[in-house]
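Written below as structure tokens is the structure these notes are about.
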Amino acid sequence: MYAQVIVDIAHSNVDKIFEYSCGEDVKPGCRVKVPFGGRVIDGFVMGISGVSSYPAEKIKPLAGVYSEPPALVPECFSLMQSMAKRYRVPKAVCLRLFIPSEMRLGKVREVYRKRVKYTSDITLSKSAVKQREFFDYLKLEKDVDYAIVCNQFGRGAVNAVIEKGAGALYSVKVNRSPMQGGGEREEKKILTAAQLAALKSIESSAQTVQLIHGVTGSGKTEIYLNAIANAVKQGKTAIFLVPEISLTPQMLSQLRRRFGDGAAILHSGLSAGERFDEWWRLRTGEAKIAIGARSAVFAPLENLGVIIIDEEHDSSYFSESSPRYSTLDIAKLRAQYNRCKLILGSATPSVESYAAAKKGEYNLITLTERINGKPMPEIEIADMRKEVKRGNNSAFSQALREELKETLENGNQAIIFLNRRGYSHTVICQECGYVAKCENCDVSLAYHSEENCLKCHYCGAKYRMPRACPECGGLHLRYGGTGTQKVVADLKAAFPQARILRMDNDTTSGKEGHYKILKSFGDHEADILVGTQMIAKGHDFPSVTLVGILDADMSLHFSDYRAGERTFQLITQVSGRSGRAGEAGKVVLQTSSPENYILRYAVNYDYQGFFNNEIALRETTQFPPFSLIVRVMVTSSEDKIALEALKGVWFDIEELRKENPDRFIFLNKMHSPIKKIQGKVRYQVLMRLTGDSLLEEIYDISVKHTTSDALVYVEENPANLS
Ligand code: ADP
Ligand code: ZN
């Protein structure tokens with residue numbers, strides 16, 4: 001037999017099929033070891049055949065086969081082909097997405113524990129006290145853990161009893177599953193009429209993609225869970241994607257209660273061993289439901305019955321490293337392959353998805369009411385320009401202060417949202433205007449009061465806080481732009497009695513960092529939670545009756561065509577945390593541009609109004625979905641080399657435009673908005689195209705100009721244009 005193998009090397013030079021001779025035990029999808037260029041490396045078996053296209057004496061045998069079942073499911077081959085073609089990356093790079101990195105790097109293995117089973121009665125001499133003690137224990141318990149009894153009775157005694165024939169050693173595979181100990185099962189809820197109608201519409205729909213547009217608290221999750229349960233009932237499997245699962249412990253415990261060991265979670269908060277075991281439970285079919293963030297779209301499941309993408313508008317669904325795939329695109333491919341439904345859900349669908357639904361490409365399902373009939377919280381706009389005129393230079397408007405006071409007096413909880421961590425965003429010399437900047441990145445440094453240092457939020461570099469300006473020696477350094485640490489300090493000053501928690505990237509390190517903060521706030525151990533966008537997502541805290549949005553404009557003024565959309569989404573999501581149970585909720589939204597139309601729609605929860613306005617705007621200005629934005633990035637540690645590569649890219653793309661003038665709406669080359677990140681200079685060729693027909697050529701150009709010193713890559717409708 002001959003195996004067709006793709007070697008696990010991420011280079012286009014070896015991106016082809018190699019043949020090796022092999023035994024009967026090798027199957028398509030197996031991971032194998034192969035001799036390659038004088039070394040032994042890993043590879044993936046793509047196919048098996050009885051005949052070879054090479055002369056027999058030229059073919060080497062495989063050097064080894066990894067464990068059964070084959071690591072790759074059959075669907076991988078078709079997905080890999082599409083991805084490799086679509087994103088112009090070596091096939092090995094695509095295949096790597098389908099298996100846990102722990103497995104590839106050989107860092108984690110399956111863990112076995114030794115146990116001792118009682119086999120037969122024996123007689124022991126009176127003097128062997130420990131042996132007798134262990135023997136009696138074994139006879140009583142019948143089956144015990146070897147390590148534990150060794151600890152308890154002494155290894156010598158345990159081994160002696162086994163040798164004398166009273167017990168037999170054996171091994172069991174240990175599951176490091178975080179789902180273990182599922183607790184009591186959750187009772188299924190009686191579905192509302194709206195939920196039933198939604199499920200029915202999904203089932204009878206002719207379209208593959210289903211878009212559920214449902215206000216926060218409208219019971220979307222329950223619809224997902226029922227769709228999953230239906231798939232499992234039919235003997236099928238399911239993938240459930242959420243933006244950042246480690247941020248939503250409530251969602252996790254709900255899933256655990258509903259599906260027990262039938263579900264496996266894949267997320268970055270797990271230990272390597274846990275992730276590895278969860279992945280195997282899916283691959284062997286022990287678990288039929290995969291739950292996780294973006295990368296769980298590659299879960300090793302066969303016979304999918306449904307795929308769900310919750311909060312489908314979230315930017316975390318775009319991969320920011322090679323291959324730069326969109327999770328939605330991969331999910332569509334998998335849904336087509338498996339002939340199953342793909343359900344997208346959001347309270348604020350992306351403009352692209354909603355437009356597709358309006359055009360009839362997706363089945364649109366709308367839920368307009370919250371489950372418990374509670375109204376959406378009232379959003380009050382606080383005009384920060386007026387506050388400044390009145391002499392209020394603090395981070396809090398008068399309205400927010402009063403609402404906070406009342407909330408605390410009533411024993412309720414509040415959430416304060418600000419999308420900036422640290423104490424201040426910048427440090428500026430008041431005498432010469434010097435701004436502290438990172439040496440590796442073209443960004444200003446944030447001051448962190450707890451460590452009394454300056455930090456770069458792009459590369460993580462830390463710098464000592466200067467006592468005087470390094471440029472002019474001036475002693476008056478000013479903190480510009482409020483961050484979460486300063487908000488906490490100001491809150492403490494204004495409300496000395498209040499218990500305050502902070503949640504941002506600085507406070508959530510460690511495996512359970514998020515969980516601890518959320519649990520503590522959920523248990524009402526604090527009155528106010530201050531945080532970045534981590535606190536915007538999906539949390540359900542019944543006692544929260546006030547949400548303060550400190551700077552609604554921040555995302556509005558980004559030079560990104562999605563700025564308005566993002567702001568609308570963020571305000572709606574954060575506001576959705578207020579007044580979910582019991583008392584009515586309230587939101588105070590601080591802004592310096594209260595007349596902005598995006599804020600107007602957000603305040604009224606008017607998604608339709610927002611969408612109609614936005615889509616008209618995008619049509620006149622020819623932005624997505626009426627065009628495709630393509631950015632070719634050129635980065636290098638040396639400016640000269642980057643410019644050289646940029647010149648080559650630019651020349652080729654200009655040629656392409658000359659040949660296809662009607663396909664280009666816009667084309668330009670420039671420094672990227674952030675000129676340097678992690679020591680690499682960044683240039684870009686930015687274009688807007690009428691469609692995706694030139695993508696192949698553009699990817700070709702990027703591959704052509706990539707060298708060992710300059711990286712050139714393509715981004716399609718990038719989520720982040722910095
Ligand atoms: P969404 O995902 O749309 O924001 P959720 O699914 O979180 O909404 O539902 C909001 C609340 O309503 C949750 O507390 C959920 O447990 C509850 N809920 C959902 N469906 C039902 C139902 N059919 N009966 C009772 N409670 C429900
Ligand atoms: Zn930096």
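The values are calculated or read from the model by the stated rules, or taken from the named source; none is laboratory data. None of the values given here were measured: they were computed from a predicted structure. With ideal geometry, Cβ positions are generated from the backbone for all residues, glycine too; neighbour counts draw on all protein chains shown. Just the protein is used for accessible areas: all its heavy atoms, side chains included, with ligands, DNA and RNA removed. Shrake-Rupley method; radii C 1.70, N 1.55, O 1.52, S 1.80 Å.
Pull out a ≥ b ≥ c, the square roots of the eigenvalues of the alpha-carbon gyration tensor of the range 332-462, then state rounded if a/c is under 1.5, prolate if not and a/b is larger than b/c, and oblate in the remaining case.
oblate
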Taking all protein chains in place and a 1.4 Å probe, what share, in percent, of the accessible surface of the chain do carbon and sulfur account for? 50
In nm, give the distance between the simple-model label positions of residue 592 and residue 519, each being 7 Å from the Cα along the Cα-to-Cβ direction. 4.2
Quick one: which of 116-123, 400-407 comes out on top by average Cβ neighbours within 10 Å, and what's the full order, highest first? 400-407, 116-123
Over 32 Å (Cα to Cα) - which of 516/680; 405/537; 236/374; 188/374; 200/586 fall in this group: 516/680; 236/374; 200/586
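Counting only DSSP beta bridges with both residues in the chain, tell me the antiparallel percent, nearest 5.
Values: 69 of 121 bridges.
Of those bridges, close to 55 percent are antiparallel.
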Along each principal axis, Cα extent of the range 503-656, largest first, Å: 64, 42, 25
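To the nearest 20 debye, what is the magnitude of the charge dipole of the chain about its Cα centre, counting +1 on the Cβ of each Lys and Arg and -1 on the Cβ of each Asp and Glu?
1460
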Quick calc: nm separation of the 7 Å Cα→Cβ label points for residue 665 and residue 431 -> 5.1
Plugging the Kirkwood radius over Cα pairs into Stokes-Einstein for the range 189-282, at a temperature of 20 °C and a viscosity of 1.002 mPa s, what D comes out in µm²/s? 144
The range 239-357, dipole about Cα centre (Lys/Arg Cβ +1, Asp/Glu Cβ -1), debye to the nearest 20: 380
Per residue, how much accessible surface does the chain expose to a 1.4 Å probe? Answer in Å², no decimals. 45
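Kindly state, to the nearest 0.05, the FRET efficiency for residue 468 paired with residue 155, given R0 = 60 Å and r defined as their beta-carbon distance.
Here the calculated transfer efficiency is 0.40.
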Using mean Cβ contacts within 10 Å as the protection proxy, how do 124-131, 149-156, 695-702 order, highest first? 695-702, 149-156, 124-131
Violating pairs (Cα-Cα greater than 30 angstrom) within the set 60/114; 16/658; 386/486: 60/114; 16/658
Semi-axes in Å, largest first, for the range 194-233 (Cα gyration tensor, √(5λ)) are 16, 13, 9
Kindly sort 476, 448, 313 by accessible area of their heavy atoms, largest first, with the probe set to 1.4 Å. 476, 313, 448
Expressed in Å to one decimal, the Kirkwood Rh of the range 385-464 from all distinct alpha-carbon pairs is 15.3
Classified through the alpha carbon gyration tensor (a ≥ b ≥ c as square roots of its eigenvalues; rounded if a/c is under 1.5, else prolate when a/b is larger than b/c, else oblate), the range 430-524 comes out oblate
Just to verify a number: FRET efficiency for residue 697 and residue 563, C-beta to C-beta distance, R0 = 30 Å, to 0.05? 0.50
Hull volume per residue for the range 604-722, using the convex hull of the C-alpha atoms, in Å³ is 110
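Could you give the dipole magnitude of the range 1-66 about its Cα centre, charging the beta-carbon of Lys and Arg +1 and that of Asp and Glu -1, in debye to the nearest 20?
For this selection, approximately 100 debye.
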One point scatterer per Cα, no solvent, Debye formula: log10 I(q)/I(0) for the chain at q = 0.11 Å⁻¹ comes out as -1.35
Counting sequence-distant residues (5 or more places) and residues on other chains, those with an amide H built under 5 Å from that of residue 438 are 443, 445
Please give the contour-minus-distance gain from residue 708 to residue 128: 0.36 nm per residue of separation, less the Cα-Cα distance, rounded to one decimal in nm. 201.8 nm
Two pseudo-spin positions, 7 Å from Cα along C-beta at residue 398 and at residue 188, lie apart in nanometres by 5.6
Give me the percent relative contact order of the chain, please, defined on Cα pairs under 8 angstrom at least 6 residues apart. 10
Counting only the heavy atoms of the protein chains, how much of residue 680 is accessible to a 1.4 Å probe, in Å² to the nearest 10? 90
Extension gain residue 678-residue 207, at 0.36 nm per residue separation less the Cα-Cα distance, in nm? 165.1 nm
Provide the FRET efficiency to the nearest 0.05 for the residue 15-residue 720 pair, computing r from the beta carbons and using R0 = 30 Å. 0.60
